[in-house]
Amino acid sequence: MQGNEQVVEDLLKKIPGLNIDVKGTIKIGNQEIEKVMIDGDDFFEKGYKLLTKNMPVSPIDKVELYQNYSNNKHLKGIENSNKVALNLTLKEDAKRIWFGNAAGGYGLVSENRYDFRANLMNFGKKAKHYFFTNVNNVGFDAVGDINMLVRPLRFDEPGSIGDNQSATSLLGLAADLPDLKLKRVNFNNAETLSLNSIFTFSDKVKIKTLGFLNTDENDFFRNSFETFAAGTTRFQNTEDFVGRKTKVTGFGKIDLTYDISKNKTLEYTGKFNKTDEKNSSDLLFNTDLLNERLNLNNQLFDQKIVFTDKFKDKKVFVLSGRYINEKTPQNYSTNQFLFQDLFSVNANDTKQFSENSMQFAGVEGHLLDKRENGDLLELKGGSQFRLDHLNTRFELVDSQSSTMNPNGYQNNLKYGTTDLYASVKYRFKLNNFSILTQSDFHQLFNRIENFDVSRNESPFFIIPKIGTDWKINEKNKIMTSYTLNKTNAGVLDVYSGFVQTGFRSLSKGLDGFNQLSSSSAILNYTFGSWGDKFFANSFLLYSKNNDFYTTNSIITQNYSQAEKIIIKDREFISMSSSIDRYFKSIQSNLKLTLGANKSNFKNSVNNTNLREVTNLGADYGFELRSGFKGLFNYHLGSKWNYNQVKTTIKNDFTDNMSFLDLSMQFNDTFNVQVQGERYFFGNLNKGSNQYYFVDVEARYVVKPNKLTFFLSGNNLFNTQTFKNYSVSDISISQTEYRLVPRYVLLKMEYRF
């Protein structure tokens with residue numbers, strides 16, 4: 001530690017080999033970690049940002065990395081796992097006692113700016129508790145991605161049945177934010193409370209409880225100018241958007257682990273989530289002033305049970321079952337009617353009610369048998385049933401409040417899918433070389449009911465996969481895989497009536513069954529390992545869709561209407577490389593990154609023939625971070641992004657972001673942090689294509705490990721707006737965002 005770290009995330013950012021992005025996602029190479037534990041116990045699973053963004057760093061003794069990690073303890077050393085997890089070990093004086101901290105700040109020269117956070121912890125042998133709260137309107141995100149807490153996705157892992165199941169909402173009002181630190185663009189008023197405990201009642205019984213409540217009010221400000229061009233159609237649109245989102249999320253979870261015997265474990269997980277969200281906007285679209293209103297909520301009830309039996313030393317049977325019920329109703333309205341060219345009626349505004357509810361039930365058995373020579377046989381079989389109900393009602397409202405429901409713009413769809421499946425996987429181990437063969441067999445039973453008209457189908461298909469792992473030596477590792485795949489259509493692919501997806505946009509599905517085929521190949525090369533002075537990782541992905549969804553769109557100045565179609569052949573290729581190198585002579589770590597991707601697809605716009613669209617992107621950059629023990633430390637870097645879109649014409653541009661962070665530790669009681677950023681946009685007009693930001697924080701320790709004062713200044717240049725540039729296959733747009741103005745906070749932290 002250098003002495004200026006406040007929360008766990010600050011510490012992890014300084015560890016070579018760990019990559020932490022602006023949202024707090026932690027990766028090693030290209031792979032995200034599974035979890036962040038405290039003395040071996042996990043509170044948040046994939047929602048670890050709740051921990052890393054809030055827990056103070058003072059009780060941490062060291063950070064451990066677990067490679068080849070298994071979420072199920074009985075599978076350790078049996079399953080072929082490449083997962084990684086972090087474990088925070090605590091100092092002895094931070095165990096078996098209640099301790100914590102409280103920090104609060106208020107604006108000195110800024111109106112009504114505040115930030116308060118508190119942590120209360122006790123990590124005992126029989127019980128561990130971690131409680132925290134945060135209240136702020138300075139743009140700080142104390143939560144991260146809530147979905148990673150509510151729905152931690154684990155792919156193709158024993159006991160992970162149902163992880164990929166969720167209901168999707170059709171419409172949202174929140175404006176996109178530029179790729180800046182959230183504190184620059186997040187006009188918020190957030191309150192967060194999280195109560196988390198782990199109780200070890202005996203050697204056999206452990207219960208984990210998690211309670212989470214978050215409320216937030218977000219304001220959005222955006223001005224945009226878009227030029228549309230496709231074929232002979234040309235027009236320009238302007239938007240002046242002011243929006244507000246009020247959101248309340250409550251989430252509760254209980255995990256029960258019961259060790260029936262040394263080799264048998266029963267695990268139960270129950271989750272409930274309730275989210276209420278209200279959105280409103282005032283949107284000046286060209287010369288029309290629109291008032292939009294969107295109310296939506298999400299209700300999730302999720303139950304899972306997993307039984308594990310390690311009936312022999314290298315043989316494990318896992319039986320899992322799950323039930324999920326999720327609802328996502330929405331009510332949307334706008335006080336303007338922009339669809340005059342589409343509907344020959346006299347209307348004043350539009351409304352849409354929609355509900356997408358989903359029920360899922362499944363049971364799965366998984367057998368793992370590891371042989372004496374290291375070979376691994378896996379057999380899996382099960383049944384999964386999913387029923388979606390998509391009910392949408394689109395209304396045109398006239399001046400007398402009479403409503404009209406146009407034909408072709410309503411849905412009352414029930415879509416049920418039963419999947420009976422089996423999988424055979426065998427991994428051949430030949431010294432340091434492994435070959436993986438896998439075949440998945442699926443018998444589907446699909447049923448569509450739409451306005452009392454029903455259809456059925458029962459397709460059968462096989463998904464084969466082959467891969468290799470080669471550990472050339474202790475430093476060099478290569479992994480490859482090749483997969484043929486088929487994807488069954490989801491509910492948002494098969495609905496027959498148009499639905500409103502924005503104030504001027506409508507879309508519809510295909511009204512039919514489909515299974516799309518694709519193939520993909522992966523190559524991953526790693527040199528060294530985490531913690532080495534030199535660590536490099538390269539990743540290459542190539543995928544081809546033999547058939548894929550695209551759109552046949554009608555786009556005019558006032559509305560767009562898109563209908564899904566299926567066409568042949570789409571390709572995507574992506575590569576990324578990163579290098580970490582520690583130079584002892586300058587006590588600094590150098591990180592180099594390089595990435596590129598290219599994709600092609602086709603679509604139809606305004607009744608044209610299918611158009612070939614090619615997207616090309618590249619990014620490259622470097623970071624250099626010092627690890628001095630003295631007065632001064634630095635962290636600097638720069639990253640370039642190149643984007644190109646090519647149809648009948650070509651548009652491209654290059655953007656750059658550079659930063660310089662300075663840390664000055666004058667003594668044990670006083671330090672200063674300075675953060676500077678520069679943004680450059682290649683296709684904006686000179687004079688408005690460069691932006692500079694400076695943040696400063698000074699910390700004074702009155703009493704070590706007790707009382708500390710901070711003085712924080714953000715956006716000291718008081719940059720008021722931020723403009724960026726984007727291109728697509730049909731338009732070029734410039735968007736200007738309002739930024740959080742300059743503020744200075746005086747903060748105090750007390751540890752107890």
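Cβ-Cβ contacts under 7 Å between residues 6 or more apart (or on different chains), taken from a first residue in the stretch 618-637 that is in a strand (DSSP E or B) and modelled with pLDDT of 90 or more to a second residue that is open to solvent by less than 30 Å² (accessible area, probe 1.4 Å) and among the charged types (D, E, K, R), are listed as PHE622/LYS591; GLU623/LYS591. Name the residues in the stretch 658-676 that are free of Cβ contacts under 8 Å to residues at least 60 places away in the same chain and in a strand (DSSP E or B), would you? Answer for the stretch 658-676, where residues must be free of Cβ contacts under 8 Å to residues at least 60 places away in the same chain and in a strand (DSSP E or B): SER658, PHE659, LEU660, ASP661, LEU662, MET664, PHE670, VAL672, VAL674, GLN675, GLY676. Being open to solvent by less than 40 Å² (accessible area, probe 1.4 Å), in contact with a Leu (Cβ under 6 Å, 6 or more places away or on another chain), closer than 26 Å to VAL22 by Cβ and not aromatic (Phe, Trp, Tyr) holds for only one residue in LEU149, LEU210, LEU173, and it is LEU173.
Conditions (1) farther than 25 Å from THR209 by Cβ; (2) in contact with a helix residue (DSSP H, G or I) (Cβ under 8 Å, 6 or more places away or on another chain); (3) part of a loop (DSSP other than H, G, I, E, B); (4) free of Cβ contacts under 8 Å to residues at least 60 places away in the same chain, marked per residue:
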{"residue": "PHE43", "(1), (2), (3), (4)": "no, yes, yes, no"}
{"residue": "ASN80", "(1), (2), (3), (4)": "yes, no, yes, no"}
{"residue": "ALA85", "(1), (2), (3), (4)": "no, no, no, yes"}
{"residue": "LEU88", "(1), (2), (3), (4)": "no, yes, no, no"}
{"residue": "ILE97", "(1), (2), (3), (4)": "no, no, yes, yes"}
{"residue": "GLY104", "(1), (2), (3), (4)": "yes, no, no, no"}
{"residue": "VAL109", "(1), (2), (3), (4)": "yes, no, yes, no"}
{"residue": "ALA118", "(1), (2), (3), (4)": "no, no, no, yes"}
{"residue": "PHE131", "(1), (2), (3), (4)": "no, no, no, no"}
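When LYS35, LYS27, LYS73 are checked against the criterion of being surrounded by fewer than 18 Cβ atoms within 10 Å (Cβ to Cβ), modelled with pLDDT of 90 or more and not small (Gly, Ala, Ser), LYS73 stands alone in meeting it.
Taking into account only those residues within the stretch 76-107 that are within 23 Å of GLY159 (Cα to Cα) and of a type in the set (Lys, Arg), which is least open to solvent (accessible area, probe 1.4 Å)?
Step one: of the stretch 76-107, the residues within 23 Å of GLY159 (Cα to Cα) are 76-87.
Then keep just the ones that are of a type in the set (Lys, Arg); that gives 76, 83.
Working: LYS76: 152, LYS83: 27 Å².
The selected residue is LYS83.
Just so you know, in the stretch 11-24 the residues that are closer than 24 Å to LEU210 by Cβ and open to solvent by 10 Å² or more (accessible area, probe 1.4 Å) include one that is modelled with the lowest pLDDT, and it is LYS23.
Across the stretch 646-688, the number of residues qualifying as under 30 Å from THR232 (Cα atoms), at pLDDT below 90 and of a type in the set (Ser, Thr, Tyr) comes to 2.
Yes/no matrix, rows are residues, columns are (1) open to solvent by less than 50 Å² (accessible area, probe 1.4 Å); (2) in a strand (DSSP E or B); (3) in contact (Cβ under 8 Å) with a residue 60 or more places away in the chain; (4) β-branched (Val, Ile, Thr):
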{"residue": "GLY365", "(1), (2), (3), (4)": "yes, yes, no, no"}
{"residue": "ASP369", "(1), (2), (3), (4)": "yes, yes, no, no"}
{"residue": "LEU377", "(1), (2), (3), (4)": "yes, yes, no, no"}
{"residue": "GLY382", "(1), (2), (3), (4)": "yes, yes, yes, no"}
{"residue": "PRO406", "(1), (2), (3), (4)": "yes, no, yes, no"}
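The number of residues in the stretch 459-471 that are open to solvent by less than 70 Å² (accessible area, probe 1.4 Å) and either farther than 15 Å from PHE441 by Cα or polar (S, T, N, Q) (or both) comes to 3.
Restricted to the stretch 583-619, and to residues that are more than 16 Å from ILE566 (Cα to Cα) and of a type in the set (Lys, Arg), which residue is farthest from the chain's Cα centre (by Cα)? My answer is LYS584.
Out of curiosity, is TYR421 in contact with a helix residue (DSSP H, G or I) (Cβ under 7 Å, 6 or more places away or on another chain), open to solvent by less than 30 Å² (accessible area, probe 1.4 Å) and of a type outside the set (Val, Ile, Thr)? Judged against the criteria, TYR421 is not a match.
The values are calculated or read from the model by the stated rules, or taken from the named source; none is laboratory data. All values derive from a computational prediction rather than experimental measurement. Quick reminder, even Gly has a Cβ in these numbers, built from the backbone with ideal geometry, and neighbours come from all protein chains shown. Areas reflect the complete protein model, heavy atoms only, side chains present, ligands, DNA and RNA absent. Shrake-Rupley method; radii C 1.70, N 1.55, O 1.52, S 1.80 Å.
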